[in-house]
Amino acid sequence: MTAKQKSPTAQSSAGFTAEERAAMKDHAQELKAAARRGAKAARADGESDLLAKIAEMSPPDRALAERIHAIVTAAAPELAPKTWYGMPAYARDGKVVCFFQPAEKFKARYATLGFNDPANLDEGTMWPTAYAITKLTADDEARIVALVKKATAA
């Protein structure tokens, strides 16, 4: 290597944004906290962690997150609220089914409601797994209810 070339380690660590590094640190803290708590306290503590993260959000993201939290917990009470990479998330058997990504977290133009592999949203050979949200109308809320119910169907 010449003096001007960066080492592979320097190149790969420079590949993450500050926001991505912060999310990874959040996730490491979440894993440590979950290990300390044990299974019995996980649901209650997960919800309190989720609500604390929502409280830290900017007013536009907070309003969306609070509404989505109410919608998801009403539509699928079997999902366990938790944080995931510092974002509100809802899990089944420890696996995140859906999550809310605030716009400001990664300096994005809009917030998103995302679904992971455990969600049963399969529809043919191609289907959406994330939805951009700028505000919530009654129709949007009904669509989220339907998506969450489909995601949690056996």
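The values are calculated or read from the model by the stated rules, or taken from the named source; none is laboratory data. Quick caveat: nothing in here was measured; it's all calculated off a predicted structure. Quick reminder, even Gly has a Cβ in these numbers, built from the backbone with ideal geometry, and neighbours come from all protein chains shown.
Name the single residue, out of those in the range 95-154 being out of contact with any strand residue (DSSP E or B) (no Cβ under 9 Å at 6 or more places or on another chain) and hydroxyl-bearing (Ser, Thr, Tyr), that is nearest to Ala22 (Cα to Cα). The selected residue is Thr137.
The condition (being under 12 Å from the mean Cα position of the chain (by Cα) and of a type in the set (Ser, Thr, Tyr)) is satisfied by just one residue among Thr134, Thr112: Thr112. Just one of the numbered conditions (1) free of Cβ contacts under 8 Å to residues at least 40 places away in the same chain; (2) crowded, with 21+ Cβ neighbours inside 10 Å; (3) of a type outside the set (Val, Ile, Thr) is not true of Leu113; which one? Among (1) free of Cβ contacts under 8 Å to residues at least 40 places away in the same chain; (2) crowded, with 21+ Cβ neighbours inside 10 Å; (3) of a type outside the set (Val, Ile, Thr), the lone unmet condition for Leu113 is (1). When you look at Ala89, is it in contact with a Lys or Arg (Cβ under 9 Å, 6 or more places away or on another chain), surrounded by fewer than 20 Cβ atoms within 10 Å (Cβ to Cβ) and closer than 20 Å to Glu20 by Cα, yes or no? When the stated conditions are applied, Ala89 does not pass them.
One residue stands out among those in the range 9-37 that are touching a helix residue (DSSP H, G or I) at 6+ places or on another chain (Cβ under 8 Å) and of a type in the set (D, E, K, R): the one that is modelled with the lowest pLDDT, which is Arg37.
Glu141 is checked against (1) more than 29 Å from Ala35 (Cα to Cα); (2) free of Cβ contacts under 8 Å to residues at least 40 places away in the same chain and fails just one. What number does that condition carry? The one condition Glu141 does not meet is (2).
The criterion of at least 2 residues that are modelled with pLDDT of 95 or more, within 19 Å of Met24 (Cα to Cα) and out of contact with any Asp or Glu (no Cβ under 7 Å at 6 or more places or on another chain) is met by the following strands (runs of 3 or more DSSP E) wholly inside the range 56-154: 87-92, 95-101, 111-115.
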